[in-house]
1. Relative to the longest principal axis of chain B, what angle (0 to 90°, nearest 10) does the C-alpha long axis of helix B:167-182 take?
2. Could you pull out every one of the lysines with an alpha carbon less than 24 Å from that of residue B:140, ignoring same-chain neighbours closer than 8 positions?
3. For the stretch A:176-192, take each phi angle, set θ = phi - 60°, evaluate the Karplus expression 6.51 cos²θ - 1.76 cosθ + 1.60, and give the result in whole Hz per residue in order, putting x for glycine and proline.
4. Run through the DSSP bridge list for the protein assembly as shown and note the antiparallel percent, rounded to the nearest 5.
5. Taking chain B as a Gaussian network, where each spring joins two C-alpha atoms under 10 Å apart, which residue of B:155, B:189, B:22 fluctuates the most?
6. Would you give the gap between the C-alpha center of the stretch B:204-255 and the C-alpha center of the stretch A:235-260, rounded to a whole Å?
7. With the contact rule set at Cα under 8 Å and sequence spacing of 6 or more, what percent relative contact order holds for chain B?
8. Please list, ordered by chain and number, the residues whose modelled amide H lies under 5 Å from the amide H of residue B:253; skip anything fewer than 5 residues away on the same chain.
Amino acid sequence: MTDVRHEQPVVTFTGLDHAALAARTRRWGWLHYARYRQASEGPFLVTALMLAIGNPILYLAAMGLGLGSIVQADVSGVSYLHFVAPGLLVATVATTGAQFGTWPIFGGFKWIRNYLAAQATPLEPGQMAQGETLAIGVRLFVQAAIFWVIGLAFGAWPGGWSLLAIPIATVAALAMFTPLMAYSATLEEEGLHFNFVQRLIIMPMFLFAGTFFPLESMPIYLQWVGWVSPMWHGTQLARMASFGLAVPPWLVGVHVVFLLACIVGGQVWAHRTFTRRLVR
Amino acid sequence: MPVIQAQNLTKKFGDFTAVDGISFEVAPGESFGLLGPNGAGKSTTMRMIGGTSLRTSGSLTVLGLDPEERGPEVRASLGVVPQQDSLDEELRARDNLIVYGRYFGLPRAYLETKADELLEFAQLTEKAKAKVNALSGGMKRRLTIARGLVNEPRILLLDEPTTGLDPQARHILWDRLFRLKEQGVTLVITTHFMDEAEQLCDRLVVIDHGKIVAEGSPQALIREYSTREVVEVRFGSARNAAMEAELRGMAERIEVLPDRILLYARDGEGLLEQISRRGLNPLTSLVRRSSLEDVFLRLTGRSLID
Ligand SMILES: Nc1ncnc2c1ncn2[C@@H]1O[C@H](COP(=O)(O)OP(=O)(O)OP(=O)(O)O)[C@@H](O)[C@H]1O
Ligand SMILES: [Mg+2]
């Protein structure tokens, strides 16, 4: 018996145009990376869906109905449920965004090594960071949409404009995500960094986001914590959209600019930290 | 024209010089080896070739391009098998190949066919649907090697490719790498296995502390740095050192290792006879031909696997 395999070439060479491939990656690499990130979330889809559905049910039931039954007075001119729902949407989605910016990024350098794999290809570090933002953005958008749909069942939205809370929450979440992603790419060791981030940055940003009560009811010397929290800016915008919270136009501008500045600034910073981490 | 050309290539990490002014060229279709003890600077050199480590000084071109400036263009033609696997453990074996191929901008239809071919190459067809974390260490290694071929590379960088492979898998891989070479792929290989270097490399450099200490074909290096034969004798670890004085002068060169003594001579059998005539009875003795291991020992004072 002869071994047929021996006569065949091991791998066929079809004459790929490597220069064209490099050009395509330079143009579309970020998208290719985003696709990977989505594929890598595949195995966790069911868990993610359960959380995305369970979270709003729990929060809306506990805060909207439970706490709402005690808070009889209108808040900002609307029922407590209507007041709290946009805040809860933004806070939940933004918290998820913040989480995506910590362990998964750190783990990508340290354990899963997906960035190190990609690094051996024409993909560049900055494109990986862009791909992360795109994939996570889509993921957060879906989560926000699920929240909104569940809110319907609770009667949490007074009108159709509340739909805008979905993109607003996504933007607020990305404003948390990109700077944290940039920071996480600088960490070599686990240590206590993320505990610190969680307790001293994310948590206060949540507590001072005006989710459960208007930020203005805080003493003025504490309100600055809300001002630097993307969650608060997002919550304000979501409330405007949902029940028409009165916000002066200049302040609307501040909210929008602040969120976009966080995203862009974080992304530029991530470009640098990813490059520093991967090319040395 | 050489496909890789390095001139005084230097890499410092802070004050520490990992690669210290090395110069070499690799011709198209050649199989080029980088040998050296742990920490010699082999992987760092590989990374500079891929443009994922920035050189401190010197010049480097890969396929005529500077990998630091034209990284994506260089890496599009490069197959990289890193020393440490970087597979996505949560994805299936086949999906790992496809996802990786997507990074090169390769179309899905091409990748569907390619992935099956590469799984065959790695003898992992049955494991196509298995998650990577369910593969054995050697299987992961084979998958990593196959993955490096997804873009039909012109140059394949193999950083200790066979670490963790069983002897059979290792021989099959040698055979396949040999045939890739016949298909025109340039191979750049680091390894701690001398038999592998002798089998695979047309030419190699020995690096120590970031410097090239010897260069040539395996045969030429053996001729230059070793004798034709080697006698290995053991007197038991307690007595080896004491016997050195007795044996000195009998061989062209003598090397005392913790567990045995190596005596370098043109005529091994003759030397062994001489030893027993002197009444120095080793517990065990062995005459063999010189290998790259001996060259390595001579040049770096260390064994390849240290
Ligand atoms: N990122 C880094 N920062 C600091 N030092 C580094 C870095 N990478 C490598 N080194 C140092 O550079 C030297 C060469 O490392 P390299 O990985 O190139 O060795 P090697 O020849 O591949 O060794 P091995 O056979 O163990 O794989 C080592 O002393 C290592 O500690
Ligand atoms: Mg190495």
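1. Helix B:167-182 sits roughly 60 degrees off the main axis of chain B.
2. Cross-link targets: A:110, B:42, B:114, B:127, B:129, B:131, B:181.
3. Computed from phi, the couplings for the stretch A:176-192 are 7, 5, 4, x, 5, 4, 4, 5, 4, 5, 8, 7, 8, 10, 4, x, 10 Hz.
4. On the way: 36 of 53 bridges.
In the protein assembly as shown, approximately 70 percent of DSSP beta bridges are antiparallel ones.
5. Sorting by GNM fluctuation, first place goes to B:22.
6. 78
7. Numbers: 589 pairs, mean separation 60.1, N = 306.
Across chain B, relative contact order equals 20 percent.
8. HN-HN under 5 Å from residue B:253: B:264.
The values are calculated or read from the model by the stated rules, or taken from the named source; none is laboratory data. Just so it is clear, the structure is predicted and the values come from calculations on it, not from any experiment. Using ideal geometry, Cβ is built from the backbone for each residue, glycine included, and neighbour counts are taken over all protein chains shown. Note: areas computed on protein heavy atoms with side chains; ligands, DNA, RNA excluded. Shrake-Rupley method; radii C 1.70, N 1.55, O 1.52, S 1.80 Å.
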